Amino acid sequence: MNLRVEWRASVSLVGTVVKWLSVPLLFPLLVGLYYGEGIVTFVVTIGIALAVGWSLERIDPDPDLGAREGFLMVALTWLAVSVVGALPYVIAGNDILLVEELPFLVLQSGPSTLAHPVNALFESMSGFTTTGATVMGDISFDRHTHALLMWRQLTQWLGGMGIVVLAVAILPELSVGGAQLMDAEAPGPGIQKLTPRIAETARALWKAYLGITALEILLLYGLHLAGLAPEMTFYNAVAHGFSTMATGGFSPEARSIEAFSAAVQWLIIPFMVAAGTNFALFWHVLNGEPRRLVRDAEFRFYVGVLAVLSAVLTALVYTHEGLVFVPGGPAIAGNLESSVRHATFQLVSIVTTTGYASMDFNTWNSSAQYLLLAAMLIGGSAGSTGGAVKIVRWLVILKSFRRELFTTVHPEAIRPLRLGGRALDERAVRGIYAFTLLYIVIFLVGALLLFLDAERPGGPNLNTLEALSAVAATLGNVGPGFELVGPMNSYIRFSDTSKLFMVVLMWIGRLEILPVLVLLSPAYWRS
């Protein structure tokens, strides 16, 4: 077998990205300097990132990147940044162990769960892929530094719009071949070219992303200053601004958004909706074309799905007698405002794959939980930061079903499939069917494998709902599942084998499966 793919060019450019990852690592270092904690962790990590990145970069000083090399570069980049991103967790976890050996310096009790390399990799991959699943045993400032928890939030923000999209926007060496890289990485069936140069398109998307993030941070902190959100400090505002727009779901608060007031929950809902919207539409709005937003077929379908499913979930929650009292939380059933708020919040959070929780929905009845499980497969818009199948694919599938009904009655009719007034190429329609079928097959097989591994001695002994939701949450980059992996629990009880399997699911889910499977095909490597 002749290896035609020039791996040196791909690995060299991965090194470039890893080297520049040291720049965002400065942010948690500054946080550590402010709070006087966690400084060594990030100094060491920055040094390792620079050394490893520079070494890999020297493999090919003048890389020539084509479409084939682009697939390899994108896949390896997400693995590499997740490994480097895991270093602060391992270093900080081992710091805790060393501190415990000195009785007069004991600051915390018990080792950090993130000291284990597999757990650290799980947390890092979950962050960069904006999954939001966690293996942290205790999320608190008593157990972890402000710097480490802010790094956890920042990994999601970096991964939201895409590590490679950011690299294309700011690194000249990636501007050539940038279109192939963005197509391989960007969520959804494709990325819309907004400007003549692909690097300018990448910068436009990141500007919109940065602007909306900044707006949310200001509004969240504004609620705090107005006395409507006592717990929403500036630190928390920045942390949740990072994870909301990335549809990530990490929070430095153990109880997620339940820890904050109703005003905060209502404010976050529209920002989750925005995060699940195609960011190209915001670019058009800012350039004086606001009608593009309401005319967009995918956006209308997306809003409609959110509205209908939120109404159904509200009715289920409002009428369920078992939710009259929720331990540690407000009365829900029979309370219209609480029912609307929590049902809408959770539905939007799950569909957009944000993964926040305004309450523990493990306390909801089975009909409400299975509705949320189905919502995990929907996803946000193409070109958004959301995961899962994506709303545009479901729209095309529904339109093709309707066409099949019409052509069954009128077999002589020729009726092209249209989206937003444009006829879709039949190859694109077949590609959508193939992706969706592949996604469902991986989802079902993954749930079976996870279920079987959990049945081994010492395993968590999953039930069907737990296995299905764990795979849906990791493959779709959603985050929380149900019961054992519910919103107030973690994935810590799974075996290392299961955790590594879910790391792979998060990785291929973020890259939308095909770019990774292409690398596994013999045809890719054969001349």
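Annotations for the structure displayed:
- The label-point distance for R456 and A263, in a model that sets each label 7 Å from Cα toward Cβ, rounds to 5.1 nm.
- Residue-span extension gain [L293 to L520] - 0.36 nm each, minus C-alpha spacing: 77.9 nm
- Extension gain, E231 back to R415 (0.36 nm per residue minus Cα-Cα distance, nm): 60.6 nm
- Projected label points at S366 and E426, each 7 Å from Cα along the beta carbon direction, are separated by 4.5 nanometres.
- Estimated FRET transfer efficiency (V445, Y34; beta-carbon r; R0 51 Å; 0.05): 0.60
- Too-long pairs where the Cα-Cα distance tops 27 Å, listed order kept, from K19/K390; K207/K390; K207/K499: K19/K390; K207/K499
- Sulfur and carbon atoms: percent of accessible area, the chain [1.4 Å]: 66
- Packing, as the average of other Cβ atoms within 10 Å across residues, places the peptides 394-406, 123-135, 478-490 in the order 123-135, 478-490, 394-406, highest first.
- Calculated accessible area for the range 331-401 comes out at 22 Å² per residue, all protein chains present (probe 1.4 Å; ligands, DNA, RNA ignored).
- Alpha-carbon centroids, the range 387-432 and the range 484-498: separation in whole Å: 39
- Virtual spin-label span in nm between E200 and R402, 7 Å along Cα→Cβ: 3.7
- From the coordinates shown, Rg and Dmax of the Cα atoms in Å corresponds to which of (1) 22.8, 85; (2) 29.2, 93; (3) 24.4, 75: (1)
- Comparing Cα centroids, the range 204-239 and the range 24-83 end up 27 angstrom apart.
- Kirkwood hydrodynamic radius of the range 411-502, from the reciprocal of the average inverse Cα-Cα distance over all distinct pairs: 15.3 Å.
- 3J(HN,Hα) along the range 34-49: 5, 8, x, 7, x, 5, 4, 3, 8, 5, 5, 5, 4, x, 5, 4 Hz, from the Karplus curve 6.51 cos²θ - 1.76 cosθ + 1.60 with θ = phi - 60°, whole Hz, x for Gly and Pro.
- For the pair L336 and Y433 in one chain, pulling the backbone fully straight at 0.36 nm per residue adds 30.9 nm over the alpha carbon distance.
The values are calculated or read from the model by the stated rules, or taken from the named source; none is laboratory data. Just so you know, these numbers come straight off a predicted model, no measurement behind them. Here Cβ is always computed from backbone atoms with ideal geometry, including for glycine, and neighbour counts include all displayed protein chains. We work out accessible area using only protein heavy atoms, side chains counted, and drop any ligands, DNA or RNA first. Shrake-Rupley method; radii C 1.70, N 1.55, O 1.52, S 1.80 Å.
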